[in-house]
Amino acid sequence: MKVISLENKRLVNRIKSGQLQFLVQWIDENKDRLYKISWSYLYNHADIEDVLQDTLIKAYENIHTLKNTNYFETWYISILINECRRKLRRKKREVLMESIEHGEYYIEEYDFFQELNSIDDIYKEVIVLKYISGYTQEEIADILGIPIGTVKSRIYRGLKELRKLIKEV
Amino acid sequence: MDCNVVQDKLLDYIDGNLSEEEEKEIEDHLENCAECSKEYAEMKSTVGYIKDKSNKIDTNKVLNLDPNRLKRRFVGRLTRIGLIAAILSLILVAAAFATEILDFTKWWKKNSEKRLSAWEELIEKGVGQKLNISATDKNIRVTAEGVIADDINTIILLKIEDLKGNTRFVPVRDISNDSSLIVGGDITKKYEGAPISYEIIYLPLYTEDDNTVKLMVYTSPMSKDEGEIEIHIDELVSYLNESEESVERITGNWNLTIPAEKIKAKHYPIDKAIDLGGNELTIERITIAPTVTKIYYKLNVYNEENKRFIDDVSFIIKHGNKTYGQSELTLGGAMEYKSSGVVRREFDIESIYLEDPKDIDLIVNTCKYTIKGLEEYDIDWANLPQVVEYDNSKITIEEVKYSEDSTEVIIKEDDSKDRKYIRTNICLNIGDVMFNALQQRVKTNYSFYGKPLEYEVRDSKGKVNAKKDWTDETHMFVFKQKITINKDDFDRQDLYENSFKKHTIPGKLCIEGQEYIEFPNIKININSGK
């Protein structure tokens, strides 16, 4: 964990007391990875914004369930992923269609995310967390609540699956 | 090193997570093994490909996250009468049974009468402006009947009549808080950029005519002493429908511009601290306005020593022989909510503006509190009843009923004569469900709380309140509770349907604390002459 534990504790206490501007600030500092995780599921700015807003609310409402403040970030990411899935399920694939129809700029990237989305979810999530958001295997184990050995084997398997789909590489 | 070991370490090798020694061993192996070397090259290029693609995600877009959106939700939820407002404005489809519609209508009538008479009393005495400005579209007439504006609120009374048919129509308001009624003109915005629809709460009020609803619209104070308020409605929906199919929606344009004058309130700083059984309560100030008398106070909600958590405090004002209770006209004050520390809250008392008394007594009337203390119990669900002890009281888990769609647990409260508490906060925690069902393993509990099954509605003297007229003193003295774990609840929580079956057998029983009510009768004299 690279976040200093004292700072985490302070952040969590501030969230508990309702000073959510600090949470917004934290989200902004970690925007790059949060955004990329959400993007991997949703490909669409408006939906990502929605999901980040919903996650903010969920986190505030459930902050008392976080027992160890050291795990704030992984805890937050797990809620985020959960919210992304929820959004995706709600939209029932509409998202994908919509983005492809309207998105003229990222055609190539859509292909990639389609590839990423066609591998099994359990492989996809470790790949996203590891190579798109840059979490370590230990952190991923925390986020997903699975043993580190499982994380490793899933990454390995995921890379292989993905490899099969990427023709030009 | 053999191929299996090497392939196992390839990921760490690509990451650069290995010791120099291990790295060297792998390099040596890769040079001599074509298969592993190919594997490594493919892995590496795949990782490179992913990183390359993901770096093209444009994360530099502006995120509009609004922490206030959430807080407003919280304040709204905990505002005393705001809750009623929420219920009233959301009930579009009444329950299918006629008796429930009757019950609701009865309650609605009573609530509406009180509110309208509080309004009329003020208008008759010359506070606010009586109006008769209307707009008609699609055979529906919307009339502004009056406005009362002061430093605290702006309240507008509208009448909506269905001229051709016999339907009660109200503006549309869905759960996401988007309202088809918008108020503009000289109204203060709470903060820059706030959508104006957040600033409005409206209550449909009952009238005898089947085609008419009156609407009490609450919004922020005016930004000028004299000005105009614009009201715009673009969609109406039938109120209290018998089924989803009979919901009628009409889009149209109803625009009204009404003149209004803001009446100045009187502010009295008090700053007086009171001890409420170990929790400090400080009355900060009182504002006497035409629409409401507002008490601003701060409260230390939780006393760690005696585990006393104050849920709610209510006040009354006495002047001469007259007692003034909670305001019937306004929506109840904002309530900040925290689990510990100091909160700032407001309490709305009916208007004393016209009496303009110089000498009043502010009385702390009721204090509802919970003695906290979390206990978990292992219950042998196959062998009930089972008695558990909690803070010298005996709680009995009587029975558990399983059915396809729900699991019900019946719990009996302590039945000794000298029982002091009024209700036990009891729940079943279904651990991990919320996220587990979605293949997430966040340690989150979803709690199902007990609801009163058998109870008495009692007054301040502990007597049964036969009229069931709800005041601040009235409280539920609970004998039995029921915890229901519903399939619907699972769906509402957006849990996968199939997860329900897995969790129908409850885990541990959890007691979080016990509720009490007391009547402190602490008096603070306020003499504005001094």
Peptide A:143-150, shielding by other chains (average Cβ, 10 Å cutoff): 2
Where labels lie 7 Å past Cα in the beta-carbon direction, separation of A:S118 and B:K138 in nm: 4.7 nm
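When a/c is below 1.5 the answer is rounded, else prolate if a/b is larger than b/c, else oblate, so apply that to segment B:3-48 with a ≥ b ≥ c taken from the square roots of the Cα gyration tensor eigenvalues.
Working: a/c = 1.80, a/b = 1.09, b/c = 1.65.
Since a/c reaches 1.5 but b/c is at least a/b, the shape of segment B:3-48 is classed as oblate.
Students often check this: by mean Cβ neighbours within 10 Å, which of B:357-364, B:20-27 ranks highest, and how do the rest follow?
Details: B:357-364: 17.8, B:20-27: 13.1.
In descending order of packing, they fall as B:357-364, B:20-27.
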Built amide H within the under 5 Å cut-off of B:I379, gap 5+: B:L509
For segment A:158-164, Karplus couplings with θ = phi - 60° (6.51, -1.76, 1.60), whole Hz, Gly/Pro x: x, 4, 5, 4, 5, 4, 4
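Report the FRET efficiency, 1/(1 + (r/R0)^6), for B:E113 and B:E242, where r is their Cβ-Cβ distance and R0 is 25 Å, rounded to 0.05.
It comes to 0.55.
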Cleavage-rule hits (trypsin sites (Lys or Arg not before Pro)) in segment B:321-357: DSSP loop, at most 16 neighbouring Cβ within 10 angstrom: B:K338
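Rg(Cα) of segment B:320-429 divided by 2.2 N^0.38 Å?
Working: Rg = 21.8 Å, N = 110, 2.2 N^0.38 = 13.1 Å.
Relative to the rule-of-thumb radius for its length, segment B:320-429 sits at 1.66.
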Average beta-carbon neighbours from other chains, 10 Å sphere, peptide A:17-25: 4
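Give a quick list of GluC sites (Glu not before Pro) in segment B:246-303 that DSSP marks as loop, anything other than H, G, I, E or B, with at most 15 other Cβ atoms within 10 Å. Please report the intermediate quantities before stating the final value.
Numbers: sites: B:E248, B:E261, B:E280, B:E284; in loops: B:E248.
Hits after loop and neighbour filter: B:E248.
Give the order of A:T136, B:T219 when sorted by the count of other beta carbons within 10 angstrom, beginning with the fewest. Please report the intermediate quantities before stating the final value.
Working: A:T136 16, B:T219 23.
Fewest-to-most Cβ neighbours within 10 Å comes out as A:T136, B:T219.
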B:N166 paired with B:E22, simple spin-label distance in nm, labels 7 Å along Cα-to-beta-carbon: 8.2 nm
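I need B:V342, B:V172, B:V301, A:V126 ordered by Cβ neighbour count within 10 Å, fewest first.
B:V342, B:V172, B:V301, A:V126
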Label-to-label distance, nm, for residues given as B:K461 and B:K508 (7 Å Cα→Cβ offset): 4.5 nm
Full-stretch length increase - B:D378, B:D209 - with 0.36 nm per residue and alpha-carbon distance subtracted: 55.2 nm
Using a Förster distance of 25 Å, the FRET efficiency for B:L63-B:S339 (Cβ separation, nearest 0.05): 0.30
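Residues of A:80-86, mean number of Cβ from any other protein chain within 10 Å of their own Cβ, rounded to a whole number? Don't skip to the end; give the middle numbers.
Numbers: counts 0, 5, 8, 2, 0, 4, 2.
The mean count of partner-chain Cβ atoms within 10 Å per residue comes to 3.
No lab work stands behind these numbers, since they all come straight from the coordinates. This is a predicted model, so every value here is computed, not measured. Glycine also receives a Cβ, built like all others from the backbone with ideal geometry; neighbour counts cover every protein chain displayed.
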